[in-house]
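Novice: Okay, here's the structure, questions in a sec.
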Amino acid sequence: MAKKPVVAILAGGMGTRLAEETEVRPKPMVEIGVRPILWHIMKMYAHYGYNEFVIALGYKGEYIKRWMRDFGSLEGHMTVKTNTGDVLTYEDHRPEWTVHLVETGMMTGTGGRIKRLQPWLGDGTFMLTWGDGLSDVNINDLHDFHKNHGKLATLTAARPPARYGHIEFEGDQVKCFTEKPQTAEGWINGAFFVLEPKVLDYIDGDPVMFEQAPMVGLANDGELMAYKHDSFWQCMDTLREKHILQTLWESGDAPWKCWD
């Protein structure tokens with residue numbers, strides 16, 4: 001069986017619109033239930049067999065490093081001998097993930113962060129998403145769609161409020177991409193990308209935002225395709241959106257929870 005692509009997750013932004021939570025931790029570490037949203041994202045991918053992750057760190061990256069370091073040892077049952085300090089852990093559904101934590105700079109743009117991950121991504125197709133959004137998108141179907149059209153880039157197009165990137169199509173090909181218009185409605189950039197290594201050639205350096213010149217360039221060159229997903233998608237930009245996700249999780253019927 002062919003090895004699944006690496007999953008890159010951007011987790012280095014400041015999260016200023018969620019300042020109530022992000023003053024003390026990076027946004028991907030804000031919890032839905034008792035787990036960071038980053039964990040929920042990784043569980044989604046792992047459900048479909050994607051178990052190698054490359055996480056782009058920036059703002060408060062040490063918080064994510066500590067959590068990942070402790071995650072394996074603190075998950076499940078544990079015995080501690082207080083007189084010797086010996087710790088015995090027990091297998092208890094711990095995921096078999098490989099997680100690369102890569103420092104990509106405090107002020108680096110989203111495109112710059114992706115470019116800095118290049119040595120960790122290998123020389124084949126890779127997945128990419130932001131560390132603050134959840135969906136019930138079928139990751140395997142998304143990957144198959146990408147491989148079948150043969151272009152460099154696929155984004156997942158979703159239908160939430162229109163303050164995100166607006167997309168116009170010709171069939172499934174993206175003909176125009178405009179980031180965060182004030183009035184446009186319809187399909188928006190829901191992230192959950194599938195990308196070929198040549199996409200990195202569209203990124204000039206650290207200040208570049210992937211949602212701007214690189215994606216516009218890919219669309220203009222006919223290399224950006226959209227996987228249209230009209231089911232659940234929700235980002236976590238604000239405290240209100242965190243509460244939406246929290247309420248769904250507490251209901252016991254969170255749409256993104258595809259794992260057992």
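Novice: Go over the candidates 137, 194, 174 one by one and state the one that is modelled with pLDDT under 95 and of a type outside the set (D, E, K, R). Even if it seems obvious, please write down each step before you answer.
Specialist: Values: 137 fails: modelled with pLDDT under 95; 194 fails: modelled with pLDDT under 95.
Sole residue among the options that is modelled with pLDDT under 95 and of a type outside the set (D, E, K, R): 174.
Novice: In addition: Would you check which residues across region 123-140 are of a type outside the set (Asp, Glu) and in contact with a strand residue (DSSP E or B) (Cβ under 9 Å, 6 or more places away or on another chain) and list them? Break it down into steps so the answer makes sense when it comes.
Specialist: In the first step, residues of region 123-140 are kept if they are of a type outside the set (Asp, Glu); the result is 124-131, 133-135, 137-140.
Hits for region 123-140 are 125, 126, 127, 128, 129, 130, 131, 133, 134, 135, 137, 139.
Novice: Take the conditions at pLDDT 85 or above, outside any helix (DSSP H, G or I), loosely packed, with under 10 Cβ neighbours inside 10 Å and not β-branched (Val, Ile, Thr) and apply them to residue 91. Does it pass? Steps first, please.
Specialist: Details: at pLDDT 85 or above: no; outside any helix (DSSP H, G or I): yes; loosely packed, with under 10 Cβ neighbours inside 10 Å: yes; not β-branched (Val, Ile, Thr): yes.
The answer is no for residue 91.
Novice: Next up: Which members of region 5-24 meet the condition of being within 17 Å of the chain's Cα centre (by Cα) and surrounded by fewer than 19 Cβ atoms within 10 Å (Cβ to Cβ)?
Specialist: 14
Novice: Identify, from the list 237, 253, 206, 201, the residue that is assigned to a loop (DSSP other than H, G, I, E, B) and at pLDDT 95 or above.
Specialist: 206
Novice: Quick check on region 1-33: of everything there that is at pLDDT below 90 and not in a helix (DSSP H, G or I), which residue is farthest from residue 133 (Cα to Cα)?
Specialist: 1
Novice: Still on this structure, please answer the following. Based on what the data block shows, is residue 59 hydroxyl-bearing (Ser, Thr, Tyr), farther than 25 Å from residue 207 by Cβ and buried (at least 16 other Cβ atoms within 10 Å of the Cβ)?
Specialist: Details: hydroxyl-bearing (Ser, Thr, Tyr): yes; farther than 25 Å from residue 207 by Cβ: no; buried (at least 16 other Cβ atoms within 10 Å of the Cβ): yes.
Answer is no for this residue.
Novice: Would you call residue 244 of a type in the set (A, V, I, L, M) and buried (at least 17 other Cβ atoms within 10 Å of the Cβ)?
Specialist: For residue 244, the condition - of a type in the set (A, V, I, L, M) and buried (at least 17 other Cβ atoms within 10 Å of the Cβ) - is not met.
Novice: Can you tell me how many residues within region 105-154 are crowded, with 17+ Cβ neighbours inside 10 Å, aliphatic (A, V, I, L, M) and not in a helix (DSSP H, G or I)?
Specialist: Residues that pass the stated criteria total 7.
Novice: Say we look at region 190-207 and pick out the residues that are surrounded by 20 or more Cβ atoms within 10 Å (Cβ to Cβ) and touching a Ser or Thr at 6+ places or on another chain (Cβ under 8 Å); which of these is nearest to residue 143 (Cα to Cα)?
Specialist: 194
Novice: Would you mind finding the one in 98, 79 that is polar (S, T, N, Q) and modelled with pLDDT under 95?
Specialist: Just a single option satisfies the conditions, and that option is 79.
Novice: Looking at 217, 222, which is the one that is touching a residue at least 40 places away in the same chain (Cβ under 8 Å), more than 17 Å from the chain's Cα centre (by Cα) and surrounded by fewer than 21 Cβ atoms within 10 Å (Cβ to Cβ)?
Specialist: None of the other options fit; the residue is 222.
Novice: I'd like the residue in region 147-171 that is modelled with pLDDT of 95 or more and more than 19 Å from residue 231 (Cα to Cα) and, out of all such residues, is nearest to the chain's Cα centre (by Cα).
Specialist: Here is the first cut: in region 147-171, the residues modelled with pLDDT of 95 or more are 147-157.
The next check asks that each one be more than 19 Å from residue 231 (Cα to Cα); those that pass are 147-153.
Working: 147: 20, 148: 22, 149: 22, 150: 23, 151: 21, 152: 19, 153: 15 Å.
Among residues in region 147-171 that are modelled with pLDDT of 95 or more and more than 19 Å from residue 231 (Cα to Cα), the one nearest to the chain's Cα centre (by Cα) is 153.
The values are calculated or read from the model by the stated rules, or taken from the named source; none is laboratory data. Values in this document were obtained by computation on a predicted structure and should not be read as measured data. Cβ atoms come from the backbone with ideal geometry, glycine included; neighbour counts cover every protein chain shown.
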